[in-house]
Structures are given as C-alpha cells and as structure tokens.
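Trainee: I'd like to ask some things about the structure below.
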Amino acid sequence: MTPEQATLARAFAQAGRNDPCPCGSGRKFKKCHGDAARAAAPARADPLDAEVARMLARVQADDIDAAEAIAVRLLARTPRHPDVLNVLGIAAARRKAFPEALAQLRAAIAAAPQAAVLWMNLGNVLRESGEPEAALDALARASALDPGERHVHWNRLLALADLRRIDDARAAARAWLQPARDADAFMALADRLRDDGLFEALVPVLLEALAQRPDDHRVLNDAGMAWLELGEFDAARDLLARAVEVAPDVSLVHRNHAITLTESGRYAEAVAAADRAQALDPTDVEPCCVRAAALGHAGDVDAALAAFDGALALAPTHPFARLRRAMLLLSVGRYAEAWPDFEARLEDDAIIPRDRVAGLPRWNGEDPAGRTLLVQGEQGQGDALHFVRYVPLLAQRGARVVLVAPASLRRLFARVPSVAQIVAPGEPLPPIDAWVPSMSLPLAFGTTRSTIPARERYLQADPAQVAQWRARLDARCPHGQPRVGLCWAGNPAYGTDRRRSLDPQTLAPLAEVGGVAWVSLQKTPPGWRGRPLPPTFPLLDPTAELADFDDTAALIEALDLVVAVDTSVAHLAAALGRPTWLLNRFDTDWRWGRDGDTAPWYASVRQFRQTRPRDWAAPIAAVRDALRTWIDDGGARVRA
C-alpha cells in the first residue's frame, strides 16, 4: 500500500457517514466509498458501536423517544459522542425545549465541526425557535460542508420565507428542485408545503410557478389561497380575480374568489361570486356553504340560515354546513336548536385524540352518580377556560371528574371545585367509566341562554400570588393610577386570528388617556413577527414572569380592568369575574352574541364591537372615551 493509499484508508476509517467523502468527490461518504470502506474494514464487535447503531436505527424509524432513551444511557459512557448529542438535541427539539436542543447540538458540533448534518439540524432548531437569521448562518455552514445536500436548500427556503425574503426563498426552491425547474415540479413542491401547513414557504414556490405560467388558473388559484392563509387579503383577492378572468367557466376559482372577498369584508360581492360558482356546478355543496358564510358574516342571519339549509339539502350530513349553521344559531341565542349540530365539529379527527377514548362509552347527560367521567378538553385554551365551568355541575350530580388539560392550565384548574384529578394530554388515564368532550357539556346539560351556568365567576387565582403581584405593581406603577391590562393579539395559528387580532399601532389613541398604568398581558410565541406597540405607548411588560395561566390569573386579579381582543386572556379575565372590555370583530364568534355590549356567558364583559369589517378605529375610539369616563368615575377601584 502506498503512503497515499494508507492516508486515504485512515481518512476512510475516521469519516462519518454524512461527512464529505475523503476521496474529494463532493458526495457524502455513505454514498461514495462508505460501503466499500466498511466492507474492507476489519470486523469490530464494539458494543458501544452496536448501541449507537441501534439508537440511529430508532431515529430512522422516527421513534425518537426510544432513540433518546438509548442516548441518555450512552451519554454517561461517551459524553462527547456527536451522534449521541445530536439525538438528544433532536429529541429536545421535538418537545419544543429549544434551549436544551441548541445546547446539545452545539456540543455535538464542537465534537464534530465538519459534520454538515449537525449544522443543518442546528439551523432547523434555530428557525423553529424563532431565530431565522442565525438559522441561515448555520445552514450556510452545512451547505459549504456538503454542497450536494438538497435538504439544506429546503431548510434555507423555510428560513428565508420566515424572513419574508421572497426572492431569496424562490432561489432556494430552485436549488432544491434541481435539475427539474418546470411549473409542474414547483406545483408538486407546493403540494408538499401546503400539506405541511408551511404557507410562508409556499408563496415563493407558487410565485416561481406563476412566473412560468402567468395565465394558469390552477397556479393563480393556489397562490391566491396561500396569500389568504397569510392574511394578505388584497393580494389573495387580486390573484383570484385574475383566475376568474382566465377561467370564467371554472366553478372552483369563483368559489375561492368568494372566500377571499368574504375575508376582505366585501360580503355582497362574495355572495355574487358564490352564486356564479353554484350556477357552474349546481351539485357542489361548497359554493352554498361559502354563500351562507358570507351572509352570516354580513349579519343577515335569516338569509344565511336559508343558504345553509340549501347546502344541507344537497348534502344532509355535510359537517361544515351543519357546524356553521349551528354556530349561527348559537350567535342569536337559539341554543336548543343548535347544540345537536354543534357536534359536527367532532367529525374533524384533529379535535379529539380518538386513541385516548377508544372503547370508552360517551356520556350524554344520563345520571352520572357514582361514575368516573373523563372531560376531554378540545380546541383552544380559551375554549378550555370557557367550558370548565361545567365541571362542578358534574360533581354536584355525583360524578367523579377527571379533567384533561395542558400544562399551561393545570395549576389554575386544580382549584376548580370538585376536580378529582387532572391529566395532561398523552398521560396515562386512570380507570374511567365514560367520557365527554368539554364543548359537548352544554348539550348534555340542555343549556339555554337563560340557564348558562357560572356567569359571575368560576375560577380563582392563588391568593398568595395575587398579593405578590400587587406588591410588584405597587413598586412599578405610578401611585394611585388604575392598572389596566392590555392584550391585542391571539395565537396566529388559529384560523380567524387575522380578523380578531389587531395591529398594535392602531392602539395609539388609548395612550391619549392620561392617568392609566398600562400593563401588558400579551404573551407572544417564539418567532412571532407581529409589530410592537407604538414607542410612545406607556406600557409595563411583566409577561416574561408569566409561566402559565395561573401566573396570568394572579396578575389579572391585581389589575383594575382588562382590555383585550377575543383571546384566552379575555376568557380568563371574565372567568375570574374581573371587569373585561372586549374589542370584538365584526363577524363575531358565536359565544359573544351578535349585538349589544354585554356578553351572555360572562357577566363582567363589556363589548366594543367593530361597526365595519377590519376597521378597528371605531371600537378603539369608543374604548378611549369609555376609559376617560371610567377614570372620572373613580376607575371602579377594587384594590385595597
């Protein structure tokens, strides 16, 4: 063996599977000389290698829990092994424990700085944790180490889309698709992104397809709906209008044009577009549903109900039509008619984890005395806060109640009277006799508008925490000023968030009210790119000190008033019985009713409604004026 061959053999022996091949081909070792090098290498029976191989096999099978368990055992024996640290980082990222994940991946990189896959994983976690700029730096290192790794381009596409660097994201999409760059390839990539809900990344891919086929109604349609998902109403509407121009005989583009018009608050035009879609395909139930939704948003309840009846005549079991019709009936207080069809929401498999309740009988309102009932939470945290009021009623009828609640609500719900046990989603269940979805409890109890339970108050903050928050606010807020909590945005993943949340710049008129100590209740997720309040807005922000809703409840109890959009914060403040002023959108959620300034489910809520879709100026001005009156009247002070 020549010295050069010996050097190459040593390099082969030291190379990782995902390292560049030492032969200089530019390909990964595993795809170049890896198999031959392993075949030529003497057999080894190192048990550590076998354990690492077993761990990596579990990763390949996407059994991350099992892989992590092996990695934890291996860490004591080989604390700097890059594969072990990588797996621990991947597992922590799956749990959204991003600081832990980043620490493990950086330790792995310190042990193997030339491993492109480690840099790529670091970039992915940085992006998920809300650091897209740092993610791009890490991905650039991965690309330099392994220029042929297409997945680096995929992850760059996502990070660039997060930063709304559309042109750069389009270039990353082209690199990922090499050598295929025709419109059909981009549409196939778009389908993958859409299935994963990655709408930020979907837009530049569709724009690339659109550049190649500017008059393809399918591309125009998909691009318009992607913009709609991102809340870009005008861009979405314009693209769908163009799709209608180039394909006037296609029902789908008229229907989706109607959806974009509805989201833009142009309800009459939306109804007309839905009618055109229906005329082109009279057997399609979807245009009927879109028409009904537009009429409902516009406030024409009778016409909307008639349109939903038309949809159900075409498809009597259609879940969307049944559910939206039920929500419309609920919004006008026709509860007895509405609750049965409100059950249609459960046809969405994402609402309830079916494996958790498989084989358990459903409780439907019969005598529960002596039985253990599982109340399964569903949908958002605001919904959990809204419907936990029914748990004491079950206990009063003799049931032992086991409540499913996320960690963010666990401490708060532990003080709900008569909760026997709280389990987190995914935790093992105790013996259960029957189960009920939390939002089906009004049906089981036959709730009418006049029999809504616990309108005054049904949640209680920790008194010791309340006292601590009052002391903190005494030290931080001007003496004698009423303390007003403020929350202006909800979870951006929620479907109607673009209509219920507002640009905080529009809150500037509230800063004109003197003598108010404003306190932020606005918790924002990692990577949140919403705009901040105007710099002149006087705001104390203690939200970094809030770990869960129990902490938030204690802070709210130390305030005099809460002003919020329709989010979990509004539900929490109202469930605590605190004075709550709701900034409510024009197409209101059913539980707030369709008119008036009170709320049927909460006695302490005062509503300030939009008078026109997407126009927050009027309700914010009304809150400003009401605040001045409230302060003049003494701020309804309740603090000692």
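Trainee: At 1.4 Å probe size, with the rest of the protein present, what percent of the exposed accessible area of the stretch 393-432 is carbon and sulfur atoms? Please list the in-between numbers first.
Mentor: Values: 1080 of 1870 Å².
Whole-percent figure for carbon plus sulfur exposure: 58.
Trainee: Rg to Rh ratio, the stretch 540-640, alpha-carbon atoms and Kirkwood radius?
Mentor: Values: Rg = 13.9 Å, Rh = 14.4 Å.
Result for the stretch 540-640 is an Rg/Rh of 0.97.
Trainee: Turning to a different aspect of this structure: Just to be sure I understand the model, the point goes 7 Å from the Cα along the line to the Cβ. What's the resulting Arg334 to Asp137 distance in nm?
Mentor: That separation, rounded to one decimal, is 6.0 nm.
Trainee: Students often check this: by mean Cβ neighbours within 10 Å, which of 474-486, 195-207 ranks highest, and how do the rest follow?
Mentor: Values: 474-486: 15.9, 195-207: 21.2.
Those peptides, ordered most packed to least, come out 195-207, 474-486.
Trainee: What does the extension gain come out to for Arg628 and Arg476, with contour length at 0.36 nm per residue minus their alpha carbon separation?
Mentor: Residue separation times 0.36 nm, minus the Cα-Cα distance, leaves 52.5 nm.
Trainee: Largest first, what is the accessible-area ranking of Met439, Met327, Met120 with a 1.4 Å probe? Before the final figure, lay out each step's value.
Mentor: Working: Met439 5, Met327 55, Met120 25 Å².
Reading off the accessible areas and sorting them downward yields Met327, Met120, Met439.
Trainee: I would also like to ask the following. Quick one: go through the stretch 562-605 and flag any residue whose amide nitrogen is under 20 Å from the point 7 Å out along the Cα-to-Cβ line of Gln460.
Mentor: Only 572-579, 603-604 pass the distance filter.
Trainee: Looking at the P(r) of the stretch 313-410, how many percent of alpha-carbon pairs lie beyond 21 Å? Walk me through the numbers on the way to the answer.
Mentor: Numbers: 2151 of 4753 pairs.
Taking all Cα-Cα pairs of the stretch 313-410, the fraction more than 21 Å apart is 45 percent.
Trainee: Further question: Under a Cβ-only charge scheme (Lys and Arg +1, Asp and Glu -1), can you give me the dipole magnitude of the chain about the Cα centre, in debye to the nearest 20? Working shown, then result.
Mentor: Numbers: 76 positive and 81 negative charges, 296 e Å.
Once rounded to the nearest 20, the dipole reads 1420 debye.
Trainee: To check my understanding: the extent here is largest minus smallest coordinate of the Cα atoms along each principal axis. What are those three numbers for the stretch 363-447, in Å, largest first?
Mentor: 31, 27, 21
Trainee: Also, quick follow-up: In units of 2.2 N^0.38 Å, what is the alpha-carbon radius of gyration of the stretch 576-626? The partial results should precede the final answer.
Mentor: Values: Rg = 10.7 Å, N = 51, 2.2 N^0.38 = 9.8 Å.
Ratio of Rg to 2.2 N^0.38 Å for the stretch 576-626: 1.09.
Trainee: If packing is taken as the average number of other Cβ atoms within 10 Å across a peptide's residues, how do 445-453, 210-218 rank, most packed first? List each step's numbers first, then the result.
Mentor: On the way: 445-453: 13.6, 210-218: 15.3.
Highest mean packing first, the order is 210-218, 445-453.
Trainee: Label points 7 Å out from Cα along the Cβ direction at Ala424 and Val301: separation in nm?
Mentor: Placing both labels 7 Å beyond Cα along the Cβ direction yields 4.2 nm.
Trainee: Please report the orientation-averaged projected area of the stretch 68-185, defined via the convex hull of its C-alpha atoms, in nm². Walk me through the intermediate numbers first.
Mentor: Details: hull surface 31.1 nm².
Mean orientational projected area (the stretch 68-185, Cα hull): 7.8 nm².
Trainee: Here's something else I'd like to know. From largest to smallest, what semi-axes in whole angstrom does the stretch 70-134 give when each is the square root of 5 times an eigenvalue of its alpha carbon gyration tensor?
Mentor: They are 19, 14, 7 Å, listed from largest to smallest.
Trainee: Something else: Evaluate E = 1/(1 + (r/R0)^6) for Ala53 and Arg192, where r is the Cβ-Cβ distance and R0 equals 25 Å; express this FRET efficiency to the nearest 0.05.
Mentor: Working: r = 30 Å, r/R0 = 1.21.
Efficiency at R0 = 25 Å is approximately 0.25.
Trainee: Determine by what factor the alpha-carbon radius of gyration of the stretch 137-237 differs from 2.2 N^0.38 Å, reporting the quotient.
Mentor: Values: Rg = 13.3 Å, N = 101, 2.2 N^0.38 = 12.7 Å.
It is 1.05.
Trainee: Keeping all protein chains in place, calculate the accessible area per residue for the chain (probe 1.4 angstrom), answer in Å². Write down the numbers at each step before the final one.
Mentor: Values: 27930 Å² over 640 residues.
Solvent-accessible surface per residue comes out at 44 Å².
Trainee: How would you rank 533-541, 512-520, 124-132, 291-299, highest first, on the average number of other Cβ atoms within 10 Å across their residues? Mind showing how you got there, number by number?
Mentor: Working: 533-541: 13.6, 512-520: 17.6, 124-132: 21.3, 291-299: 23.9.
My ranking of the peptides, most packed first, is 291-299, 124-132, 512-520, 533-541.
Trainee: To continue, here is another question. Can you give the convex hull volume per residue for the Cα atoms of the stretch 325-366, as a whole number of Å³? Each step should come with its number before you reach the end.
Mentor: Details: hull volume 3.5 nm³, N = 42.
Measuring per residue, one finds 82 Å³ for the Cα hull of the stretch 325-366.
Trainee: How do Lys523, Lys96 stack up against each other in accessible area, from largest to smallest, with a 1.4 angstrom probe? Could the numbers behind the result be given before it?
Mentor: Numbers: Lys523 105, Lys96 125 Å².
Result, largest first: Lys96, Lys523.
Trainee: Quick check: from the Cα gyration tensor, does the stretch 474-624 come out rounded (a/c under 1.5), prolate or oblate?
Mentor: Rounded is the answer for the stretch 474-624, as its axis ratio a/c remains below 1.5.
Trainee: Which one, Met187, Leu374, Pro79, is farthest towards the positive end of the dipole of the chain when Lys and Arg carry +1 and Asp and Glu -1 on their Cβ?
Mentor: Positive-most Cα among the choices belongs to Pro79.
Trainee: Also, I was wondering about something else. Report the calculated FRET efficiency for Arg449 and Ile351 (r = Cβ-Cβ distance, R0 = 25 Å), to the nearest 0.05. Walk me through the numbers before you get to the answer.
Mentor: Numbers: r = 25 Å, r/R0 = 0.99.
The computed FRET efficiency comes out at 0.50.
Trainee: Turning to a different aspect of this structure: Report, by chain and number, residues whose modeled amide H sits under 5 Å from the one on Gly577, excluding near sequence neighbours (fewer than 5 apart, same chain).
Mentor: Here the answer is Tyr458, since their amide H atoms fall under 5 Å of that of Gly577.
Trainee: For the chain, what does the helix formula give at 222 nm: sum of -39500 (n - 2.57) over DSSP H segments with n ≥ 4, over the residue count, nearest 500 deg cm²/dmol? Intermediate values should be presented prior to the final figure.
Mentor: Working: 30 runs with 336 residues, N = 640.
After summing the helix terms and dividing by residue count, I get -16000 deg cm²/dmol.
Trainee: Give me the one-decimal nm value for the distance between modelled label points at Leu360 and Thr543, 7 Å along each residue's Cα-to-Cβ direction.
Mentor: Label at Leu360, label at Thr543, 3.3 nm between them.
Trainee: Semi-axes of the equivalent ellipsoid for the stretch 539-598, please: Cα gyration tensor eigenvalues, times 5, square-rooted, ordered largest first, whole Å. Walk me through the numbers on the way to the answer.
Mentor: On the way: eigenvalues 109, 26, 23 Å².
Gyration-tensor ellipsoid for the stretch 539-598: 23, 11, 11 Å.
Trainee: Which number comes out as Rg/Rh for the chain once both Rg and the Kirkwood Rh are worked out on C-alpha atoms? Don't skip to the end; give the middle numbers.
Mentor: On the way: Rg = 28.4 Å, Rh = 28.1 Å.
In the chain, Rg relative to Rh is 1.01.
Trainee: Pairwise over distinct Cα atoms, reciprocal of the mean inverse distance: report the Kirkwood radius of the stretch 202-267 in Å, one decimal place. Walk me through the intermediate numbers first.
Mentor: Details: mean 1/r = 0.0883 Å⁻¹.
Roughly 11.3 Å, rounded to one decimal.
Trainee: Amide H of Arg400: which non-local residues (sequence gap of 5 or more, or other chain) have their own amide H closer than 5 Å, using H built in the peptide plane?
Mentor: Gly370, Arg371, Thr372, Leu373
Trainee: First measure r as the distance between the Cβ atoms of Thr536 and Thr611, then evaluate 1/(1 + (r/R0)^6) with R0 = 25 Å and state the FRET efficiency to the nearest 0.05. Don't skip to the end; give the middle numbers.
Mentor: Working: r = 27 Å, r/R0 = 1.07.
Efficiency, rounded to the nearest 0.05: 0.40.
Trainee: Quick check on the stretch 393-443: take the gyration tensor over C-alpha atoms, sort the square-rooted eigenvalues as a ≥ b ≥ c, and tell me if it's rounded (a/c under 1.5), prolate or oblate.
Mentor: Working: a/c = 1.44, a/b = 1.26, b/c = 1.14.
Since a/c stays below 1.5, the shape of the stretch 393-443 is classed as rounded.
Trainee: Next question. In terms of modelled amide H atoms, which long-range or inter-chain residues lie less than 5 Å from the amide H of His81?
Mentor: Counting only residues 5 or more places away or on other chains, the set is empty.
The values are calculated or read from the model by the stated rules, or taken from the named source; none is laboratory data. From a predicted model like this one, the values you see are computed outputs, not experimental measurements. Cβ: placed from backbone, ideal geometry, glycine included. Neighbour counts: every protein chain shown. Each accessible area value is taken on the protein alone, full model and side chains, heavy atoms only, with ligands, DNA and RNA left out. Shrake-Rupley method; radii C 1.70, N 1.55, O 1.52, S 1.80 Å.
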